[in-house]
1. Between D265 and Y154, what FRET efficiency comes out of the Förster formula 1/(1 + (r/R0)^6) with R0 = 45 Å and r the beta carbon distance, rounded to 0.05?
2. Residue by residue through the stretch 362-378, what is 3J(HN,Hα) from phi via Karplus (6.51 cos²θ - 1.76 cosθ + 1.60, θ = phi - 60°)? Round to whole Hz and write x for glycine and proline.
3. Which cross-chain or sequence-distant (5 or more) residues have an amide H under 5 Å from the amide H of G132, H modelled 1.01 Å from N in plane?
4. Applying the Karplus parametrisation 6.51 cos²θ - 1.76 cosθ + 1.60 with θ = phi - 60° to the phi angles of the stretch 473-478, what ³J(HN,Hα) value in whole Hz is obtained for each residue in order, glycine and proline being reported as x?
5. Quote to one decimal, in nm, the extra length available between K461 and R55 on full extension: 0.36 nm per residue of separation minus the C-alpha distance between them.
6. Name the residues whose placed amide hydrogens come within less than 5 Å of the amide hydrogen of I310, ignoring near sequence neighbours (fewer than 5 apart) on the same chain.
7. With label points built 7 Å along Cα→Cβ from the Cα atoms of D371 and H304, find their separation and express it in nm.
8. Can you run the Rg to Rh ratio on the stretch 160-299? Use alpha carbon positions and the Kirkwood inverse-distance Rh.
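We did not get these values from a lab; they are worked out from the coordinates using the rules stated. What you see is a predicted model, and the numbers here were worked out from it, not measured in a lab. Every residue, glycine among them, receives a Cβ derived from its backbone with ideal geometry; neighbour counts consider all protein chains shown.
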Amino acid sequence: MNIQERLKDLELRNEKACEGGGSAKNEKHKIGGRLTARERLDVLLDPGSFVETDRFVTHRCNYFGLDKQKSPGDGVVTGYGRINGKVVFVYSQDFTVFGGSMSRTQANKIIKIMDMAIKAGSPIIGLNDSGGARIQEGVEALGGYADIFLRNTYASGVIPQISAIMGPCAGGAVYSPSITDFVFMVKDTSYMFVTGPDVIKTVTHEEVTKEQLGGATTHSTKSGVAHFAADSDKHCLLLIRELMNFVPGNNLDDPPMLPTKDKPDRLCESLNELIPDNPKKPYDMLKIIKEIVDEGYFLEIHQHYAQNIIVGFARFNGRSVGIVANQPQILAGCLNIEASRKAARFIRFCDSFNIPIVSLVDVPGFLPGTDQEYNGIITHGAKLLYAYAEATVPKITLITRKAYGGAYIVMGSKLLRSDVNLAYPSAEIAVMGADGAVNVIFRDKINKAQDPQLERANLTKDYEDKFSNPYISAELGYTDEVIEPAMTRHRIIDSLEMLKTKRESLPPKKHGNIPL
Ligand code: HXC
């Protein structure tokens with residue numbers, strides 16, 4: 001062959017590889033607006049930045065006539081590219097080739113780029129669309145999964161790992177995503193389950209649809225497995241691009257700075273009026289967040305799960321931060337099992353990747369009740385406590401209103417080594433609310449009083465006068481400064497600036513034993 005013939009040969013091979021499972025399967029796949037594996041990478045990555053690896057790799061299985069069914073690339077497109085100029089490693093499973101199922105060869109392609117991502121210190125993004133282990137291959141395919149899980153675990157806390165679920169993902173296909181830092185799903189076209197509806201029916205006789213069992217709504221509202229539920233493939237991929245703006249390439253990098261026109265000393269006058277005088281009246285914590293961050297932009301994570309706590313990314317004067325905030329509008333902002341798990345995992349992500357944590361606190365306590373106790377609120381609440389205590393990134397905490405009891409300690413208190421602790425004049429820092437406190441400590445006195453109702457009211461007022469303010473905490477130095485709400489943005493930015501060179505480390509150890 002001369003060079004022209006060789007180039008033609010290469011062109012034909014490339015064309016064949018890009019066909020995946022062929023045009024009929026591609027057309028079927030695209031029904032309902034789904035994109036192909038390659039189209040997804042086009043949306044995810046900066047135009048023209050994708051470099052493919054292992055395009056011609058094929059499987060080596062000869063069972064069940066598979067030796068006659070080979071497709072270059074073997075059902076996954078792998079390589080690297082850029083998002084807003086930053087290098088990311090990617091893999092995108094192709095459902096048109098054996099249902100995107102995981103063969104030994106497919107696993108080898110994926111672990112090759114995972115290893116490269118770890119060495120290069122760049123994030124890895126997996127676009128998952130797979131029926132699980134390739135059934136015809138048997139145990140070899142299972143071995144491939146084990147190799148991926150191992151690398152997911154090694155990479156955890158070293159490089160950000162992102163998973164998008166973009167089709168039916170069953171069996172082994174769901175475990176790798178669940179080790180990664182953020183899971184995105186697409187409404188109506190993606191599913192995640194360990195065992196599908198048919199197996200469930202056989203084993204437990206329970207009837208459930210794919211959507212009820214493992215659709216995007218289920219996992220973003222009930223189980224919390226998914227952090228984002230996107231409206232379409234394109235929406236999902238654009239959301240991943242947005243998230244990548246807030247995170248660094250690896251644990252030794254700082255998160256990216258984005259210049260802003262929003263002034264660092266902008267006063268937030270509306271906040272002076274936001275907290276209701278009546279402490280039992282709810283207000284929307286999201287309003288505070290959107291008022292204080294750069295250009296009002298907040299990327300909320302787990303938006304529809306455990307809504308009594310809010311977590312997400314925003315910027316202060318261009319600097320990326322993680323925000324954790326109680327939401328008084330839902331369950332009065334109480335901490336429960338789901339909220340504790342949600343916030344703890346988010347805090348650990350921020351701490352792994354040098355992203356400061358800003359906590360906005362209005363918390364009346366842990367949610368009481370048998371349901372919470374029987375399901376282990378003690379252990380799950382301790383996760384949040386552990387995550388805050390362990391985090392060494394800059395920690396800034398602002399108490400807007402209630403901060404009671406154990407929940408006060410947990411939510412980034414000074415005693416857990418928060419760096420800057422601020423409070424509004426409306427803050428109430430106490431062991432519990434005045435009603436509950438008076439019932440416990442003055443029960444006899446109230447019962448013996450001539451007018452128990454009046455006695456209770458007087459004692460409640462006394463307790464409120466003493467503790468329904470931030471000043472005892474300020475006298476003790478647990479609160480560094482009581483600020484006018486309008487100054488919130490200004491003060492947080494000052495604090496972040498002051499803390500940008502913060503260095504703090506934990507005692508040497510193999511790893512801690514977080515109460516899982
Ligand atoms: C080989 C597979 C496959 C698999 C799908 N296909 N899953 N081939 N191995 N695991 C093939 C189908 O045979 C079909 O081929 C094509 O992909 C499309 O699949 P359909 O069933 O037509 O698509 P759909 O109706 O959309 O259903 C998708 C699905 C279903 C829900 C994923 O295919 C399914 O239930 N697959 C099996 C899921 C499963 O049990 N996987 C094993 C899990 S065990 P043709 O040629 O007809 O187009 C596991 C263990 C790992 O993963 C544990 C590690 C810890």
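1. According to the calculation, E is roughly 0.55.
2. Residue by residue, the stretch 362-378 yields 8, 9, x, x, 7, 5, x, x, 5, 4, 5, 5, 5, 8, x, 4, 4 Hz.
3. M102, A170, A173
4. 4, 5, 5, 7, x, 6
5. Between K461 and R55, full extension yields 138.8 nm more.
6. A325, N326, Q327
7. Computed distance between label sites D371 and H304 equals 2.0 nm.
8. With Rh from the inverse mean 1/r over Cα pairs, Rg/Rh is 1.11.
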